[in-house]
Amino acid sequence: MSTAKPLVIGNWKMNLDLVEAVHLGQQLGVLLKNHPAEHTQIVVAPPFVDIRSVVSIVASERIPLGVAAQHVNPHDNGAHTGEVSTAMLKRLGVEWVLVGHSERRALYAMDDAAVTQTLRAVVRSGLNAVLCVGEAPEIREESGEDEWVARQLRSALDGLDERFRELITIAYEPIWAIGTGLTATGEQIHDMTLHIRTVAAALGLAGVRVLYGGSVNGENATSIIAKGDVDGFLVGGASLKAESFLAIIQSCDDCYALKR
Ligand code: PGA
């Protein structure tokens, strides 16, 4: 882990309706009151339709959670049926946006150009962007992951105005580890984190926070954070249950406290 404070983001994906989302938010509130995370910043990314209610309970019950959107359209407004803008998210109290998650790239034709455009729109609006990168299994089989990830990083971050750098977080999510129960090994994560930090530094983003995502759970989080040199996690499945999400948060918190 670098000296940055850990960050844990729960990506709820297309799960939890309004009632379920509020319930999970409240459960997290109770657990975090009883087991406060002293060092770790926590963010949840609900589906669009749940965001307003989650933001409301977070505010009214003073739950230490930030709220993210899972995606946003880069345009300001206009004829984009079915889409949502950064201004709309800001008005709801959203502070973070996931950009270029591999499911958006693979299932909704989000290419590198669209990722770059979206990332710029997010940071220009003052929101924090979590840039998701990661290779498919066939790329790892051919040992092409370093080059692949470097290309994704350069494409999204090259030429980014200096004033926006502090709004960027990078999440390394190997596609073969997402939702599969297969986590990358501590060594694989360590090597890639180092590589990402090097490429990011060359792009002017020295000290950027690097998260890992891909089948992280309450059992493997401690070992990944210790061996992987990451600053936290982007969590899918295990963020849908308050207890498993809390276990991951506590792993980060404990690890940070030990390293200080
Ligand atoms: P997972 O998802 O934790 O369910 O593997 C991670 C992600 O896609 O962000």
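The values are calculated or read from the model by the stated rules, or taken from the named source; none is laboratory data. It should be emphasised that the depicted structure is a prediction, and the values quoted were computed from it without experimental measurement. Don't worry about glycine lacking a Cβ; one is built from the backbone with ideal geometry, like all the others, and counts go over all protein chains shown. With ligands, DNA and RNA removed, areas are computed over all heavy atoms of the protein, side chains included. Shrake-Rupley method; radii C 1.70, N 1.55, O 1.52, S 1.80 Å.
List of remarks:
- A simple spin-label model places pseudo-atoms 7 Å from Cα toward Cβ; at Arg62 and Thr81 they are separated by 4.7 nm.
- Inter-probe distance in nm under a simple model that places probes 7 Å from Cα toward Cβ, at Asp17 and Arg151: 4.3 nm
- Solvent-accessible area, 1.4 Å probe, carbon plus sulfur percent, for the chain: 52 percent
- Under the Debye formula (equal points on every Cα, no solvent term), log10 I(q)/I(0) of region 12-110 at q = 0.13, 0.17, 0.20, 0.21 Å⁻¹: -0.49, -0.79, -1.03, -1.11
- CD proxy at 222 nm, helix term only [per DSSP H run n ≥ 4: -39500 (n - 2.57); per residue of the chain; nearest 500]: -14000 deg cm²/dmol
- Per residue accessible area in Å² of the chain, where ligands, DNA and RNA are left out and the probe is 1.4 Å: 46 Å²
- Highest-fluctuation residue, Gly159, Gly78, Gly181 considered, GNM on the chain with Cα pairs under 10 Å: Gly78
- Principal semi-axes in Å for region 7-259 [√(5λ), Cα gyration tensor, largest first]: 25, 23, 16
- Of the chymotrypsin sites (Phe, Trp or Tyr not before Pro) found in region 46-118, those in coil by DSSP whose Cβ has at most 14 other Cβ atoms within 10 Å are Tyr108.
- Available extension along the chain between Glu187 and Val30 is 53.0 nm, counting 0.36 nm per residue and deducting the alpha carbon span.
- Computed lengthening from Leu194 to Glu219, 0.36 nm per intervening residue step minus Cα-Cα distance: 6.6 nm
- Excluding exposed DSSP-loop GluC sites (Glu not before Pro) (at most 11 other C-beta within 10 Å), longest clean stretch of the chain: 143-260
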